[in-house]
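Presented below is the structure to which this report refers.
The values are calculated or read from the model by the stated rules, or taken from the named source; none is laboratory data. Since the structure is predicted, the reported quantities are computational estimates derived from the model, not experimental observations. Glycine gets a Cβ as well: all are built from the backbone with ideal geometry, and neighbour counts include every protein chain shown. Note: accessible area is taken over every heavy atom of the protein model, side chains too, but ligands, DNA and RNA are not part of it. Shrake-Rupley method; radii C 1.70, N 1.55, O 1.52, S 1.80 Å.
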Amino acid sequence: MKWDTLEDEACSVARTVSVIGDRWTLLILRDCFLRVRRFEAFQARLGITRHLLAARLKKLVEAGVLKKVPYQARPLRHEYVLTPRGLDLHPVIMGIVHWGDVHMAGEAGRPLLHRHRTCGCLFDPVMVCSECAEPLSARDVIVEPGPGAARGLLPAS
């Protein structure tokens, strides 16, 4: 598997990593979900170089995760807004947040809390079965080849 051809692999993890698999991109996505939209705001929050930030934003736009929307005409300036494809990454980001809260928060505790607008309660993200709504853990899942599987993707039983 070559790093620069991950998007061509018959593996959903590899294809996803080809889009969001570096630390700056994940931090940009974190900020998008915190409603950061403008280039200067990303740069100020992340301390990333303009060149690197521009490259990561361009890649996310090309992948359909973000869209550029003008917010000022003279001079022309854009903000970056999550698309439906980008919003579908919310469970991924929340999974990373939850792991960090459990394993990396330290004595001070969680840096951010998440509250559900509908019920008003603070929550921990959980994964549930789309069919029966039961909570899922890694031990509850059996993986089977799908129609797009490549030979060798699953380990031998």
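Things worth noting here:
- Residue 62 among the acidic types (Asp, Glu), open to solvent by 80 Å² or more (accessible area, probe 1.4 Å) and either touching an Asp or Glu at 6+ places or on another chain (Cβ under 6 Å) or modelled with pLDDT of 95 or more (or both): yes
- Residue within segment 132-149 that is modelled with pLDDT under 95 and within 19 Å of residue 17 (Cα to Cα) present: yes
- Of all the residues in segment 23-36, those that are open to solvent by less than 40 Å² (accessible area, probe 1.4 Å) and either farther than 14 Å from residue 82 by Cα or without any contact (Cβ under 8 Å) to a residue 24 or more places away in the chain (or both) number 2.
- For segment 71-106, the candidate set comprises residues that are out of contact with any Pro (no Cβ under 9 Å at 6 or more places or on another chain) and in a loop (DSSP other than H, G, I, E, B); within that set, the residue that is modelled with the lowest pLDDT is 106.
- Matching entry among 69, 92, 81 (being in contact with a His (Cβ under 7 Å, 6 or more places away or on another chain), aliphatic (A, V, I, L, M) and at negative phi): 69
- Of all residues assigned to segment 100-111, at least one qualifies as being under 27 Å from residue 18 (Cα atoms) and open to solvent by less than 30 Å² (accessible area, probe 1.4 Å).
- Filtered residues of segment 37-51 (kept if part of a helix (DSSP H, G or I) and surrounded by 13 or more Cβ atoms within 10 Å (Cβ to Cβ)): 39, 41, 42, 43, 45, 46
- Filtered residues of segment 126-148 (kept if within 25 Å of residue 11 (Cα to Cα), assigned to a loop (DSSP other than H, G, I, E, B) and either open to solvent by less than 80 Å² (accessible area, probe 1.4 Å) or charged (D, E, K, R) (or both)): 129, 131, 136, 137, 141, 144, 146, 148
- Flag for residue 73 being without any contact (Cβ under 8 Å) to a residue 40 or more places away in the chain and over 20 Å from the mean Cα position of the chain (by Cα): yes
- Single residue of 86, 100 found to be under 24 Å from residue 30 (Cβ atoms), in contact (Cβ under 8 Å) with a residue 24 or more places away in the chain and within 21 Å of the chain's Cα centre (by Cα): 86
- Filtered by the rule that a residue be open to solvent by 80 Å² or more (accessible area, probe 1.4 Å) and charged (D, E, K, R), segment 65-82 gives 67, 68, 74, 77.
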